[in-house]
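Take a look at the structure below.
Bear in mind that the values in this text are calculations on the coordinates, not laboratory data. This is a predicted model, so every value here is computed, not measured. Counting neighbours? That spans all protein chains shown, and the Cβs are built from the backbone with ideal geometry, glycine included.
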There are 2 protein chains.
Amino acid sequence: MVGKQKWLTDQEQATWRSLMLATMLLEEALDRQLQRDAGIPHAYYAILVALSEASERALRMTELADRMHYSQSRLTHAMTSLERAGLVSRHRCPTDGRGQVATITETGMKLLRPIAAGHVAEVRRTVFDHLTTEQVAQLGDICNTLLVTLDPSHE
Amino acid sequence: MVGKQKWLTDQEQATWRSLMLATMLLEEALDRQLQRDAGIPHAYYAILVALSEASERALRMTELADRMHYSQSRLTHAMTSLERAGLVSRHRCPTDGRGQVATITETGMKLLRPIAAGHVAEVRRTVFDHLTTEQVAQLGDICNTLLVTLDPSHE
DNA sequence: TGCCTTTACTTGAACTCTCAAGTGGATTTG
DNA sequence: CAAATCCACTTGAGAGTTCAAGTAAAGGCA
């Protein structure tokens, strides 16, 4: 047996198990909903949202990767896939020959708008419908606390 | 722009972003630590732990998949990989010709013991070191609340 | 100006996970 | 008791991610 010696308290153990299971199932639920309704995974949906919210709907690849906390490689692969689907496009950066500027296409925007409603509904259904305002605040505080360690660049 | 109309309150939006980022970075941190120190992903580590905690260190594949909330297919692929690494083994179930009984090998146990300490240290470092007892309780409550919807089989 | 390093991204292979289809042993049922 | 169905798993293809290595432009700096 592993875990006979207690490195975590009983309460911490229980919370940990619940947290791991809840986050796993939550990600799966979000992925399934978006895959079903939009044909793209949650991670790709997030890229479309980020681009749609950017000024000019355009961002340098590195800037986009930084904002999403994705690796360059992950972003490149994702963009390649989204580009094939016609949802985004890339073109050489005029001021830096190495760079690429990513944009969401009209097709991408047309996909995004109706999809967003379904996504938010899923977020409500799985999370916010069941939490009190106080719990939302607590959860936010807890996550922000963890982000200090998890994301040193976090302000 | 998407999201001009508010489907979530500002507080919910903020909490949602923090939650998504924190859970993503947390999973990555756990994966990286285990990949580095044990050469296996977090999802595989969890299988080893589950087997090590089972009576006789053995479980039917379906029972194991259910406990982990993994699909049969996911578990089969994972077991194939872990088996190749010599950490687990499978053998026909004596009472049901269709079934397989999964076990963790001595090699698997020998890997697990020292690894567990490092894993718990990472869990502490990223999570519990930064939360008050009250926050741990809050987080546990919140996750259990969400699990009612996310995992209907959850008691 | 010409090297040398950094920066911005891309590529490819290996790995994990999902989804759909397949295999073959139990179970039911007419 | 044979045929149909169900159940426990496996398989294979496709997609997304990571990691290491590669390309090519930018920015020192001597």
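I need B:Cys93, A:Cys143 ordered by Cβ neighbour count within 10 Å, fewest first.
Going from sparsest to densest Cβ surroundings: B:Cys93, A:Cys143.
Counting pairs of alpha carbon atoms under 8 Å apart in space and at least six apart in sequence, what relative contact order in percent does chain B give?
19 percent
Taking the label point as lying 7 angstrom from Cα along the Cα-to-Cβ axis, what are the distances from B:Arg113 to the corresponding position in the remaining copies, in ascending order and in nanometres?
Between copies, matching label points for B:Arg113 lie 6.4 nm apart.
Set the Förster radius R0 to 51 Å, insert the Cβ-Cβ distance between B:Asp10 and B:Glu63 as r into 1/(1 + (r/R0)^6), and round the FRET efficiency to 0.05. Mind dumping the intermediate values first?
On the way: r = 45 Å, r/R0 = 0.88.
After rounding to 0.05, the efficiency reads 0.70.
Alpha carbons only, please: Rg and Dmax for the protein assembly as shown, in angstrom.
Cα-based Rg and Dmax for the protein assembly as shown come out at 21.4, 71 Å.
Dimensions of segment A:10-150 along principal axes (Cα, Å, largest first)?
The Cα atoms of segment A:10-150 stretch 56, 33, 24 Å along their principal axes.
About the Cα centre, and with charges only on the beta carbon of Lys, Arg (+1) and Asp, Glu (-1), how big is the dipole of the protein assembly as shown? Nearest 20 debye, please.
Rounded to the nearest 20 debye, it is 1080 debye.
Counting only other chains, and only Cβ atoms inside 10 Å, what mean value do you get across the residues of B:125-138? The partial results should precede the final answer.
Numbers: counts 1, 3, 10, 8, 2, 7, 6, 2, 3, 1, 6, 9, 4, 8.
Mean shielding by partner chains, rounded to a whole number: 5.
Hey, for B:Gln35 with labels 7 Å out along Cα-Cβ, what do the inter-copy distances come to in nm, ordered shortest first?
2.0
Summing Lys, Arg as +1 and Asp, Glu as -1, what charge do residues with Cβ under 11 Å from the Cβ of B:Cys93 carry, B:Cys93 excluded?
Computed value for this residue: +2.
Can you classify segment A:1-67 as rounded, prolate or oblate using the Cα gyration tensor, where a ≥ b ≥ c are the square roots of its eigenvalues, rounded means a/c under 1.5, and otherwise it's prolate if a/b beats b/c and oblate if not?
Prolate shape, in that a/c is at least 1.5 and a/b is the bigger ratio.
Taking Cα centroids, how far is segment B:30-75 from segment A:17-42 in Å?
Centre-to-centre distance over Cα atoms comes out at 20 Å.
Partner chain Cβ atoms within 10 Å, averaged over the residues of B:51-57 - can you pull that number for me?
So the per-residue partner count for this stretch is 1.
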